[in-house]
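So the structure is just underneath, and the comments pick up after that.
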Amino acid sequence: MEGEVTVHGAKNSALPILAACLLSGGECTLHNCPRLSDVDATLKILRHLGCRVKREGGTVIVHAQSVTGKEIPDTLMREMRSSIVFLGAILARMGEARLSFPGGCELGPRPIDLHLAALKKLGVQIREDHGCLHCSAKHGLRGKRIHLAFPSVGATENVMLAAVLAKGTTILTNAACEPEICDLADFLNACGAKIQGAGDSTISIQGVSRLHGCEHTIIPDRIVAATLLSAAAVTHSRVLLRRVEPVHLESILSVFEEAGCQFRCEGKELEILPPAILQAVKHVRTMPYPGFPTDAQAPVMPVACLAKGTSVFVENIFENRYKHVGELVRLGASIKVEGRVAVVEGVSRLSGTAVQAADLRGGAALTVAGLAAEGITQVWGVNYIDRGYESLEGMLHALGANITRIS
Ligand code: UD1
């Protein structure tokens with residue numbers, strides 16, 4: 001492989017920002033909005049709630065003037081667990097929300113206790129029955145001091161969405177600091193919200209009475225960038241990524257550097273120069289931002305599989321996030337998992353076979369490993385990959401990989 005590829009907009013920014021469009025009285029125009037099945041599912045929810053939604057290439061335009069819906073049906077909730085981020089937005093807009101409990105997903109249990117505890121503090125009454133959450137803020141939402149027991153990304157977003165139109169000021173401590181939180185704050189502020197401190201662990205949200213429309217460009221997807229870097233590293237290819245935000249990639253780049261890769265960075269462009277022989281990475285510990293992202297754990301693992309020496313991964317965010325390991329082993333990798341720890345003994349070659357993706361990032365990891373494996377690798381479960389990559393095979397093919405989608 002060799003060449004240049006443009007990194008598309010971030011899924012994890014697009015989803016909460018699209019939910020945030022519900023709060024605006026005007027037209028919201030979002031540029032660099034990726035074409036992903038998760039984004040399509042989010043647009044479906046917006047339409048179900050009464051928004052007018054239009055896509056023109058990479059731009060999505062949302063009109064939320066005539067929102068009447070308060071409920072997300074179970075079928076739409078099941079399509080995408082992260083639609084829980086609509087809870088704060090619907091409550092702020094309608095004063096009431098009804099949605100089904102997200103339950104478990106590919107990554108294991110997906111609790112929302114932190115979301116609910118925070119919303120209660122803002123004055124939301126919550127009733128759970130028959131797998132459904134009934135939430136209402138009869139006396140309106142009121143700003144409060146809220147401390148999150150863990151810097152949950154989704155809970156931070158839900159608090160921001162609920163608090164922007166609340167009476168008074170909300171101070172959120174131990175908030176998530178992910179770049180996608182900053183992007184959501186930038187979008188809301190462009191609509192007239194008063195949010196300060198996003199990107200730090202304390203965020204202050206001064207409620208305003210209404211939000212107007214705006215035009216906003218979604219940040220580049222740092223996990224897609226990590227996946228493409230991994231593909232370049234395992235195939236020893238020089239690849240130039242366009243439209244990236246290098247500061248968002250610091251923890252990821254340091255892992256690649258430890259593996260022996262070099263980087264040339266200029267503005268929003270990043271070129272990777274991988275070594276002839278990859279070196280093991282002592283520890284990859286997933287952490288809240290600015291630590292190494294859990295979403296990049298699987299896509300980066302093929303680098304360790306093919307490196308000289310032993311690498312250790314510690315998954316600190318999700319308890320069930322090693323489903324790709326068994327399939328990497330089928331490709332010839334040597335990996336032992338014990339609880340949150342995966343020990344990877346580098347091997348000199350992988351050999352292609354049919355493998356099954358069990359989740360989005362695991363599917364990307366198998367695709368990356370397949371690029372380096374001898375012979376043909378078939379990756380099943382491409383529907384998972386489509387949730388977060390705008391044609392992963394198209395991006396890799398453009399770089400010269402021999403990859404095709406069969407169905
Ligand atoms: C978001 C991202 C996901 C990423 C994750 C962690 C989106 C759409 N998804 O998911 O890709 O992997 O951040 O960076 O942005 N937790 C609780 N109670 C709660 C909420 C979370 O115990 O109420 C736990 C979770 O089980 C998990 C950890 O906190 O172990 C982190 O979850 P969280 O940061 O909330 O992830 P999401 O927002 O769901």
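The values are calculated or read from the model by the stated rules, or taken from the named source; none is laboratory data. For clarity, every value in this text was computed on a predicted model and none was experimentally measured. All Cβ positions, even for glycine, are placed from backbone atoms using ideal geometry, and neighbour counts span all protein chains on display. Side chains included, ligands, DNA and RNA excluded: accessible areas come from the protein's heavy atoms. Shrake-Rupley method; radii C 1.70, N 1.55, O 1.52, S 1.80 Å.
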| remark: Once the dipole of the chain is set up from charges on Cβ (+1 Lys and Arg, -1 Asp and Glu), the residue from the list Val124, Ala198, Leu211 lying farthest towards its positive end is Val124
| With Cα atoms, 0 to 90° folded angle of helix 179-190 axis to the chain main axis | 40 degrees
| said: Placing one identical point scatterer on every Cα of region 75-165 and ignoring solvent, what is log10 I(q)/I(0) from the Debye formula at q = 0.17, 0.22, 0.24 Å⁻¹? | reply: -0.66, -1.11, -1.31
| request: Report the trypsin sites (Lys or Arg not before Pro) located in region 62-165 that are in a DSSP loop and have at most 10 other Cβ atoms inside 10 Å of their Cβ, or state none. | output: Lys138
| remark: Mean Cβ-within-10 Å packing, highest first, puts peptides 223-232, 326-335, 158-167 in the order 223-232, 158-167, 326-335
| field | Charge context of Ala41, other residues only, Cβ under 9 angstrom, K/R +1, D/E -1 | value | -1
| field | log10 of Debye I(q)/I(0), alpha-carbon scatterers only, for region 243-337 at 0.21, 0.26 Å⁻¹ | value | -1.12, -1.42
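Of the beta bridges DSSP finds with both residues in region 330-407, what % are antiparallel, to the nearest 5? Intermediate values should be presented prior to the final figure.
Numbers: 5 of 9 bridges.
The antiparallel proportion sits near 55 percent.
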| request: Report, in deg cm²/dmol and to the nearest 500, the calculated mean residue ellipticity at 222 nm for the chain, where each DSSP H run with n ≥ 4 adds -39500 (n - 2.57) and the sum is divided by the residue count. | output: -9500 deg cm²/dmol
| remark: With R₀ set to 35 angstrom, the calculated FRET efficiency between the beta-carbons of Ser391 and Glu215, to the nearest 0.05, is 0.85
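To the nearest 20 debye, what is the magnitude of the charge dipole of region 62-162 about its Cα centre, counting +1 on the Cβ of each Lys and Arg and -1 on the Cβ of each Asp and Glu?
With only Lys, Arg, Asp and Glu charged at Cβ, the dipole is about 480 debye.
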| request: Lys and Arg at +1, Asp and Glu at -1: add these up for the other residues within a Cβ distance under 11 Å of Val153 and post the number. | output: -4
| Within the chain, percent of DSSP bridges classed antiparallel, to nearest 5 | 65 percent
| query | What's the FRET efficiency of His134 with Ile406 using the Cβ-Cβ distance as r and R₀ = 35 Å, to the nearest 0.05? | reply | 0.20
| said: I need to check one value: relative contact order of the chain, counting alpha carbon pairs closer than 8 Å and at least 6 residues apart, in percent. | reply: 15 percent
| note | In Å, the C-alpha Rg and Dmax of region 1-112 are 14.8, 53
| task | Working from Cα positions, state the angle (0 to 90°, nearest 10) between the long axis of helix 360-372 and the longest principal axis of the chain. | result | 20 degrees
| query | Against the longest principal axis of the chain, how steep is helix 153-163, in degrees 0 to 90 to the nearest 10, with axes from Cα atoms? | reply | 20 degrees
| task | Return the ratio Rg/(2.2 N^0.38 Å) for region 214-262, where Rg is computed over Cα atoms only. | result | 1.26
| task | Rounded to the nearest 0.05, what FRET efficiency do Ser351 and Asp74 give with R0 = 51 Å and r taken as the Cβ-Cβ distance? Could you check? | result | 0.75
| field | Longest to shortest principal axis, alpha-carbon extents of region 172-275, angstrom | value | 55, 29, 19
| said: How large is log10 of I(q)/I(0) for the chain at q = 0.12 Å⁻¹ when the intensity is taken from the Debye formula with one equal scatterer per alpha-carbon? | reply: -0.93
| field | Accessible-area composition of region 112-263, carbon plus sulfur, in percent [1.4 Å probe] | value | 48 percent
| said: As an exercise, find the ratio Rg/Rh for region 290-406 from alpha-carbon atoms, using the Kirkwood inverse-distance average for Rh. | reply: 0.94
| query | When the dipole is taken about the Cα centre of region 25-85, and only Lys, Arg (+1) and Asp, Glu (-1) are charged at their Cβ, what size is it in debye, to the nearest 20? | reply | 60 debye
| note | For region 333-368 the trypsin sites (Lys or Arg not before Pro) that pass both the DSSP coil test and the at-most-14 other-Cβ-within-10 Å test are Arg349
| message | I want the local charge near Asp74. Using Cβ-Cβ distances under 13 Å, sum +1 for each Lys or Arg and -1 for each Asp or Glu among the other residues. | response | +1
| said: With just the Cα atoms defining each centre, how far is region 195-210 from region 214-292? Give it in Å. | reply: 30 Å
